[in-house]
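Trainee: Please read through the structure below; I'll follow up with questions.
Each value in this text was obtained by applying a stated rule to the coordinates, not by laboratory testing. Given the structure is predicted, the values throughout are model-derived calculations rather than measurements. Here Cβ is always computed from backbone atoms with ideal geometry, including for glycine, and neighbour counts include all displayed protein chains.
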């Protein structure tokens, strides 16, 4: 059964993410086109905006995760974060300069930064260790179904309204508001904390495998620039606006379809090997985008990019959860997302500069090299010798507790 092992809170949070990503993806594939064709911003500005937006979200994740570890309930932070984003998205319709877009993207990502680590920790809290990969995979699948539906609605809107982007941005407010409303169906028990959680933000409480994965994730993030560059590359190769959005839909459909099976697979074979394979696949996709010379290659490459995402996004969060103590779960997730997000700022900025100063191929060659390096680092890591509680675990996932 599709919902086997999926608890109520995981299901509700999946619905919330579906609605929120539906809202986001109505506008996300259009924002780089809006910036460059309507507001006249250079490609380097697209990289700057996306870099600042994503790094802002990431900087906040470690703090919100740490705060949630020290409070009896995580839900208030989750509601607050989703609410900020719901207000910021439709205001994009009022932007007439690229700094205004920057401010709104910044606000939207502040909301994401506040909600993400507490939400992911709440998913982990609500899941059995033996099916944790499946739970995170389910959440990623729901998130991505929302993204695919949003992109389809963007496609429909472009077909009906043409390039009247501002009207499309306003429509994104409806699913965003519904997403916030759905959070009131989350029922979280008050946690009886045996301690106040981590007293300070430090990696010393985490083991060697966590730190190795953190290093590999940072290397990978350096080459994993914003997906806005995939959209711009598809346009650069000759796809129309309609076709670009359709290709983005293909990517999201593949991602949604495979996220839950990939999470379940990680429960059985271990998460590290799946992550190594996913990083390697990313490298091949970016190499393909660098070498592509026409529109035909875009479609299979976007589809395979969806496979890579399914193999790494939810699985990576489950792996971080496996490698961290329960009392510091939010901190571990937030720290990983913060480190990779800070690096992602430089990644998007580098990608924009490489595009403008070298060629549209250059960002993807750089990304392919970073993805391969990250895969090698994670693959070459020496497994820690299990002991105590870890001795009852297979590498990459936790066994169920009695």
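Trainee: Defining a contact as two alpha carbons under 8 Å apart and six or more residues distant in sequence, what relative contact order in percent does the chain show? Present the calculation step by step, with values, prior to reporting the outcome.
Mentor: Values: 766 pairs, mean separation 120.7, N = 402.
RCO, the chain: 30 percent.
Trainee: Over segment 106-152, what portion of Cα pair distances is larger than 14 Å, expressed as a whole percent? Spell out each step's value before the answer.
Mentor: Values: 671 of 1081 pairs.
Above the 14 Å cut-off, segment 106-152 has 62 percent of its Cα pairs.
Trainee: Once the Cα atoms of the chain are picked out, what are the Rg and Dmax in Å?
Mentor: 20.0, 61
Trainee: May I ask you to order 156-164, 141-149, 212-220, 170-178 by the average number of other C-beta atoms within 10 Å around their residues, highest value first? Kindly include the intermediate steps, with their values, before the conclusion.
Mentor: Working: 156-164: 14.0, 141-149: 24.8, 212-220: 22.0, 170-178: 19.0.
Put in order of decreasing packing, that is 141-149, 212-220, 170-178, 156-164.
Trainee: Please compute the length gained on full extension between residue 156 and residue 346, using 0.36 nm multiplied by the number of residues separating them and subtracting their Cα-Cα distance. Mind showing how you got there, number by number?
Mentor: Numbers: separation 190, 0.36 × 190 = 68.40 nm, distance 3.39 nm.
That pair, residue 156 and residue 346, stretches by 65.0 nm at full extension.
Trainee: I would also like to ask the following. Can you tell me how much longer the chain between residue 358 and residue 268 gets when fully stretched, taken as 0.36 nm per residue apart minus their C-alpha distance, in nm with one decimal? Can you show the working numbers first?
Mentor: On the way: separation 90, 0.36 × 90 = 32.40 nm, distance 4.41 nm.
That pair, residue 358 and residue 268, stretches by 28.0 nm at full extension.
Trainee: At 222 nm, what helix-only mean residue ellipticity would the chain give, in deg cm²/dmol to the nearest 500, using -39500 (n - 2.57) for each DSSP H run of four or more?
Mentor: Values: 14 runs with 284 residues, N = 402.
For the chain, the value works out to -24500 deg cm²/dmol.
Trainee: Additional query: Among 66, 299, which comes first, then next, by fewest other beta-carbon atoms within 10 Å? Display every interim value, and only then the final one.
Mentor: Details: 66 22, 299 16.
By the 10 Å Cβ count, ascending, the order reads 299, 66.
Trainee: Once you have a ≥ b ≥ c as the square roots of the Cα gyration tensor eigenvalues for segment 88-242, tell me rounded if a/c is under 1.5, and otherwise prolate or oblate according to whether a/b is larger than b/c. All intermediate terms of the calculation are to be shown ahead of the outcome.
Mentor: Values: a/c = 2.00, a/b = 1.62, b/c = 1.24.
Because a/c hits 1.5 or more and a/b exceeds b/c, segment 88-242 counts as prolate.
Trainee: In addition: Going by average Cβ density within 10 Å per residue, which order do the peptides 267-274, 38-45, 225-232 take, highest to lowest?
Mentor: 225-232, 267-274, 38-45
Trainee: I'd like the orientation of helix 43-69 relative to the chain: the angle between its Cα long axis and the longest Cα principal axis, in ° from 0 to 90, rounded to 10.
Mentor: Roughly 20 degrees, rounded to the nearest 10.
Trainee: I need to check one value: relative contact order of segment 267-327, counting alpha carbon pairs closer than 8 Å and at least 6 residues apart, in percent.
Mentor: On the way: 34 pairs, mean separation 28.2, N = 61.
Dividing the mean separation by the residue count of segment 267-327 yields 46 percent.
Trainee: Now for a separate question. Quick check on packing: order 320-327, 352-359 by the mean number of other C-beta atoms within 10 Å, highest mean leading. Mind dumping the intermediate values first?
Mentor: Details: 320-327: 21.1, 352-359: 17.4.
Highest-to-lowest ranking by the protection proxy: 320-327, 352-359.
Trainee: Still on this structure, I have one more. Which order do 139, 187 fall in if you start with the one that has the fewest other Cβ atoms within 10 Å? Write out the running numbers ahead of the final one.
Mentor: Numbers: 139 28, 187 10.
With the sparsest Cβ surroundings first, the list reads 187, 139.
Trainee: Pop a pseudo-label 7 angstrom from the Cα along the beta-carbon direction at both residue 94 and residue 163 and give the gap in nm to one decimal.
Mentor: The two pseudo-label positions are separated by 2.5 nm.
Trainee: Pop the C-beta distance of residue 184 and residue 130 into the FRET formula with R0 = 30 Å and round what comes out to the nearest 0.05. Mind showing how you got there, number by number?
Mentor: Details: r = 30 Å, r/R0 = 0.99.
FRET efficiency, residue 184 to residue 130: 0.50.
Trainee: Here's something else I'd like to know. Please give the contour-minus-distance gain from residue 38 to residue 293: 0.36 nm per residue of separation, less the Cα-Cα distance, rounded to one decimal in nm.
Mentor: Working: separation 255, 0.36 × 255 = 91.80 nm, distance 2.66 nm.
Difference between extended and current length: 89.1 nm.
Trainee: Could you check how many percent of all C-alpha pairs in segment 1-155 are farther apart than 20 Å? Display every interim value, and only then the final one.
Mentor: Values: 6374 of 11935 pairs.
Every Cα pair in segment 1-155 considered, those over 20 Å come to 53 percent.
Trainee: Give the share of C-alpha pairs in each 10 angstrom bin for segment 7-83, from 0 to the last occupied bin, in whole percents, shortest bins first.
Mentor: With a bin width of 10 Å, the distribution comes to 15, 34, 32, 16, 4.
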